[in-house]
Structure formats: C-alpha cells, structure tokens
Amino acid sequence: MSNYKKCVLVISHDRYFLDKITNKTLEIENCECKLYNGNYSAYLKQKAVDREIQQRHYEQQQKEIARLEAFIEQQRRWNRERNIIAAESRQKAIERMEKIDAPKNLPEKVRMKFKSGIASGNDVLFAEGLGKEYPGKPLFKDVNFTIRKKERVFILGPNGCGKSTLLKILTGKIESFKGSFRYGYNVTLGYYDQEQEELNPNNTLIDEVWSANEDLSQTEIRNVLAMFLFKGEDVLKPVSTLSGGEKSRISLIKLMLSEANLLILDEPTNHLDINSREVLESSLEDYDGTLLIVSHDRYFIDKLATRIIELGETSCIDYNGNYTEFHEYKSKLNLSTGNESKSVKMTSSKMEHIATKEEKAKRRKLEKQLSETEKEINSTEARIKEIEEQMTQEEIISDHVKLMELHNELNELNSKLEGLYELWDELMSQSNE
Ligand SMILES: Nc1ncnc2c1ncn2[C@@H]1O[C@H](COP(=O)(O)OP(=O)(O)O)[C@@H](O)[C@H]1O
Ligand SMILES: [Mg+2]
C-alpha cells in the first residue's frame with residue numbers, strides 16, 4: 001500500500017501498519033478532531049509536546065490573571081477615584097484576554113495487572129510430536145517444544161495454518177490429534193479464546209465475572225469492572241450485546257482474576273484499541289508467569305517475545321530470541337536458499353543494458369540526486385531528533401518562547417521531510433525504470 005500513488009484513508013489499531021503507511025494522522029478525542037503531520041509514532045510525540053505547551057501557556061495566563069485580580073482587589077480597597085479607574089482598566093484587560101483552556105483530560109485508560117497465585121515449577125509445558133490434520137487438510141506435524149518458566153513464547157504462521165487449533169489442543173478443547181503433551185509441576189492455566197467462546201452470552205456482564213469468582217464481594221467485582229472501564233448501569237448489560245472490544249475486556253478481567261501462572265492467549269489484541277493494547281503489553285511485561293501467545297500484532301510481538309515458534313506444514317522453526325532477531329535470522333535463511341542471489345543477478349543484467357553514454361550520464365545524474373536527497377533526509381532527520389530531545393529538557397520546557405520556536409521549526413522540518421521523502425520515492429522509481 002505504501003507504493004499506491006493515490007490518497008489512502010485508513011482506520012486501524014495496528015500501530016506497525018500505521019507507522020509504515022501513513023504520513024498524516026487524524027485524532028478524534030473529546031468530541032474534537034485534530035490533524036497531525038506524520039505517522040502514528042510522530043503523532044504521539046507531537047501530541048505530547050502540544051499538550052505540554054498548552055499546559056505552560058494556560059498556567060502562565062492563570063498566573064497573570066491572578067496577579068491582575070490581586071491588583072484590582074487592592075485598588076478597590078483603597079477606593080479613591082484614581083484607584084477605581086485603575087481597577088476598571090485591569091478588569092477590562094482580563095475580559096479582553098483570549099482565554100487559554102487547560103489541556104482536556106486524556107481519555108481514561110483501562111488498568112490491569114497480571115500475577116500468578118502460586119509459582120509453577122521450572123518446566124512448564126512439554127510437547128512431543130504434536131500433529132493435526134482435518135480430512136484432506138494437513139495443518140502441522142511433528143511439533144516439539146519444552147516451554148520453561150517465565151518464557152514469553154509467540155506462535156506465528158499465516159492465517160489458517162492451525163495456530164488456534166494448536167492452542168485448543170493444548171487447552172484440551174480438541175481431543176483428537178497426534179503426539180502428546182503434558183504440563184509441569186504446579187502449572188495453572190488461563191486461556192484467552194480468539195472467538196470468545198468461553199463467555200456465556202446470557203449472563204450479564206457482572207454475573208459473567210462474578211460466577212467465575214464467587215468468593216469476591218459485589219464491591220470487589222464492581223471495582224475490577226471499573227478498572228476495565230465498565231461502570232454504573234453498564235455492568236448489567238448482557239454479554240450477547242457487547243462489542244468485540246468489550247468482550248475482550250471481560251475475558252481479560254477473568255484471566256487477570258484467575259491468577260494463573262501460564263497464560264495461553266489467542267490473538268488477544270485483535271479487538272482492543274491502541275491504548276488498551278499498550279496497557280495489556282506493559283502488564284504482560286510485568287507478569288511473573290509464563291506466556292504462550294498467538295498474535296499478528298507486530299508491536300505486541302516485538303515488545304514481549306523472548307522466543308518464537310513459526311508453524312509450517314512440514315516443519316516448524318523454533319527460535320530463541322526476540323522478533324527483530326527472528327527476522328534477521330529468517331532473511332539470512334532466505335539468502336542461503338538463493339532467493340536473494342537471484343535478485344542480485346537480475347540487477348546486474350539490467351545494468352548491462354544501459355549501454356549508451358547518454359543513458360550512463362543520465363543515470364549518474366540520477367544517482368547523484370538520490371545521494372544528495374538521502375543526505376538531506378539524514379540531516380533533516382538528525383535535526384528533528386535533536387529538537388525532540390531538546391524539547392524534553394527541563395530548561396527548555398520552562399522557557400515557553402524557546403519551546404514555541406522549536407515547535408515551529410519542528411513543524412517546518414516535518415513538512416520539509418515529507419517533501420524529501422516524496423522526491424526520494426520519485427527518484428527511486430525513475431532509477432528503477
Ligand atoms: N472442525 C474443523 N473441521 C475442518 N476444518 C477445520 C475445523 N476447524 C478448523 N478447521 C480448519 O483448520 C484450519 C486452521 O484453523 P485455525 O487453527 O483456526 O487457524 P489459525 O488460527 O492459524 O488462523 C483452517 O483452515 C480451518 O478452516
Ligand atoms: Mg486463529
């Protein structure tokens with residue numbers, strides 16, 4: 001989609017996708033719409049800076065108003081004609097001021113904390129020769145692994161390759177399969193179903209949570225529901241009327257209260273908004289138990305994975321490391337199987353076709369332009385980074401004139417950068433012709 005030459009308007013919770021594709025971000029918050037330059041990460045930074053500036057301006061103005069009001073008060077007490085005139089003129093000055101509002105409260109975020117009730121032994125789950133096929137459809141075979149305490153294992157693989165099926169085997173929902181598995185000492189299991197089939201649609205929301213935690217009082221249950229932003233009358237809604245995101249939050253509450261020491265999660269971020277994803281991410285990062293997760297959310301995987309198992313029809317890759325390392329490993333793997341060398345050959349044979357002098361000169365010019373554009377992109381990016389760093393320093397934050405200057409420069413640089421990227425794209429496509 002990033003090669004698509006026309007306008008793209010996209011609504012998504014996938015932060016990685018947004019960062020790759022978008023160069024403008026429209027935020028709808030507190031019934032207001034605001035357009036930011038840049039992708040999702042740039043938007044987050046800019047928003048933080050904007051709020052900081054607005055807060056400073058607001059405080060400064062409030063201070064000034066307080067000063068004027070004290071002056072008016074004093075003049076009124078003295079109560080001579082001269083004083084009354086002075087007081088009135090200051091009063092008018094206050095009224096004339098264009099009032100700056102304090103930044104509105106950010107939307108409330110869910111709060112969650114996962115912890116295990118009892119600790120498991122060091123070996124958590126053994127799988128040996130696991131395999132599954134549906135009639136005429138082999139999914140995976142000979143899957144072997146041992147998962148140890150506190151590992152954060154992600155299972156990857158294309159749609160329909162059998163990831164959910166594997167988790168259902170491991171949680172006892174599917175009973176016919178090849179191979180075997182067993183859990184280690186003291187392992188207690190919490191399962192998050194991709195389809196939310198664990199929830200009873202006829203229950204009200206509060207009963208759904210309460211029935212799984214009967215020892216808790218109504219107040220305790222209501223407090224937990226409030227942490228997940230279910231408040232007041234909301235808690236009496238039947239589960240069947242909930243949206244995907246709301247059902248997700250209910251499942252997460254149940255999971256959190258279960259205090260399991262092994263969490264098996266099937267696409268847990270699918271229905272969550274970005275804020276809730278981030279909260280889930282950091283609470284799982286602090287979790288003291290073991291994680292086995294299926295997910296397509298690259299930010300989520302990047303942040304949490306310590307090991308990656310990629311399911312394939314005939315074999316699976318079991319990689320000890322994070323997502324970035326896994327990617328590097330995979331691209332090396334592709335290199336050695338010849339994919340990469342083919343494309344190298346193609347470029348060199350293409351080069352041979354550029355025979356005439358004229359064409360060579362044109363290409364040289366293009367290459368020069370490209371390298372100059374790249375240099376400029378680099379220096380612009382470096383300056384943006386420098387400014388962003390400066391904007392977090394105490395002495396700059398407290399100097400609102402300087403802050404404003406930097407803010408303006410940043411805006412200019414961002415639009416310049418956008419232009420440079422466009423130019424670079426254009427030059428690149430010319431050089432590939
Ligand atoms: N009961 C079933 N009978 C036949 N095929 C099934 C059954 N359940 C799932 N499948 C098929 O098995 C494949 C794997 O499903 P699933 O494990 O949900 O994939 P993933 O989670 O990796 O996207 C899919 O093609 C699905 O249609
Ligand atoms: Mg699935």
Checklist entry - What residue among GLU32, GLU412, GLU278 shows peak mean-square fluctuation when the chain is described by a Gaussian network model with Cα springs under 10 Å? => result GLU32
Next on the checklist: At R0 = 45 Å, how high is the FRET efficiency between SER217 and ARG80 if r is their beta carbon distance? Nearest 0.05 is fine.
Outcome noted: 0.10
Checklist entry - Cross-link list LYS109/LYS247; LYS20/LYS332; LYS113/LYS330; LYS109/LYS149; LYS115/LYS303: which exceed 25 angstrom alpha carbon to alpha carbon? => result LYS113/LYS330; LYS109/LYS149
Next on the checklist: For LYS99, give me every one of the aspartates and glutamates with a C-alpha distance below 13 angstrom, ignoring sequence neighbours fewer than eight places off in its own chain.
Outcome noted: GLU59, GLU64
Next on the checklist: Which one, MET227, LEU333, ASN186, is farthest towards the positive end of the dipole of the chain when Lys and Arg carry +1 and Asp and Glu -1 on their Cβ?
Outcome noted: LEU333
Item to check | Percent of alpha-carbon pairs separated by more than 38 Å within the chain | outcome: 46 percent
Item to check | Neighbourhood charge, 15 Å Cβ-Cβ cut-off, centred on LEU199 and excluding it, Lys, Arg +1 and Asp, Glu -1 | outcome: -3
Item to check | Qualifying trypsin sites (Lys or Arg not before Pro) for the stretch 71-104 [loop in DSSP, other Cβ within 10 Å: at most 15] | outcome: ARG80, LYS99, LYS104
Checklist entry - Once the other residues with Cβ under 14 Å from the Cβ of GLU95 are scored (Lys, Arg +1; Asp, Glu -1), what is the net sum? => result 0
Checklist entry - Using a basic spin-label model with each label point 7 Å from the Cα along Cα→Cβ, how many nm lie between ASN144 and THR188? => result 3.3 nm
Checklist entry - Ordered by packing density, taken as the mean number of other Cβ atoms within 10 Å over each peptide's residues, highest first, how do 415-421, 297-303, 65-71 rank? => result 297-303, 415-421, 65-71
Item to check | Dimensionless Rg/Rh of the stretch 72-116 - Kirkwood Rh, Rg from C-alpha atoms | outcome: 1.58
Item to check | Mean ellipticity per residue at 222 nm, deg cm²/dmol - from DSSP H runs of n ≥ 4 across the chain, formula -39500 (n - 2.57) | outcome: -17000 deg cm²/dmol
Next on the checklist: Just to check I understand the Karplus step: with θ = phi - 60° and J = 6.51 cos²θ - 1.76 cosθ + 1.60, what whole-Hz values come out for the stretch 106-111, glycine and proline as x?
Outcome noted: 5, x, 5, 9, 5, 10
Item to check | 17 Å cut-off, amide nitrogen to a point 7 angstrom out along ASP288 Cα→Cβ, residues in the stretch 86-117 | outcome: 113-117
Item to check | Part-to-part distance (alpha-carbon centres) for the stretch 144-162 and the stretch 365-421, which is given in Å | outcome: 41 Å
Checklist entry - Highest GNM mean-square fluctuation, the chain, Cα pairs closer than 10 Å: which of ALA127, ALA86, ALA212? => result ALA86
Item to check | Around ILE317: net Lys/Arg minus Asp/Glu count, Cβ-Cβ under 15 Å | outcome: -1
Checklist entry - How big, on average over all directions, is the shadow cast by the Cα convex hull of the stretch 195-246, in nm²? => result 3.5 nm²
Checklist entry - Given charges of +1 on the Cβ of Lys and Arg and -1 on the Cβ of Asp and Glu, with all other atoms neutral, how large is the dipole of the stretch 1-107 about its Cα centre, in debye to the nearest 20? => result 220 debye
Checklist entry - What whole number of Å gives the distance from the Cα centroid of the stretch 62-139 to the Cα centroid of the stretch 256-294? => result 26 Å
Item to check | Percent breakdown of C-alpha pair distances by 10 Å bin, ordered from the shortest bin, for the stretch 356-432 | outcome: 18, 36, 21, 15, 8, 2, 0
Item to check | Distance (nanometres) between label positions extended 7 Å along Cα→Cβ at ILE11 and SER415 | outcome: 2.9 nm
Checklist entry - How many nm separate the modelled label positions at GLN62 and LEU236, each set 7 Å beyond the Cα in the direction of the Cβ? => result 3.8 nm
Checklist outcome for this item: Of HIS13, HIS400, HIS271, the most mobile residue in a GNM of the chain (C-alpha springs, cutoff 10 Å) is HIS400
Checklist entry - Taking the mean number of other Cβ atoms within 10 Å as a proxy for protection, how do you rank 225-233, 361-369 from highest to lowest? => result 225-233, 361-369
Checklist outcome for this item: With +1 on the Cβ of every Lys and Arg and -1 on the Cβ of every Asp and Glu, the dipole magnitude of the stretch 123-334 about its Cα centre, in debye rounded to the nearest 20, is 540 debye
Checklist outcome for this item: Probe 1.4 Å, all chains present, heavy atoms only: ILE94 accessible area in Å², nearest 10, is 10 Å²
Item to check | Sparse-neighbourhood loop sites, trypsin sites (Lys or Arg not before Pro) in the stretch 110-192 - DSSP loop, at most 11 other Cβ within 10 angstrom | outcome: LYS113
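The values are calculated or read from the model by the stated rules, or taken from the named source; none is laboratory data. Just so you know, these numbers come straight off a predicted model, no measurement behind them. Ideal geometry is used to build each Cβ from the backbone, glycine not excepted, and the neighbour counts take in all protein chains shown. Protein only, heavy atoms only, side chains kept; ligands, DNA and RNA dropped before computing areas. Shrake-Rupley method; radii C 1.70, N 1.55, O 1.52, S 1.80 Å.
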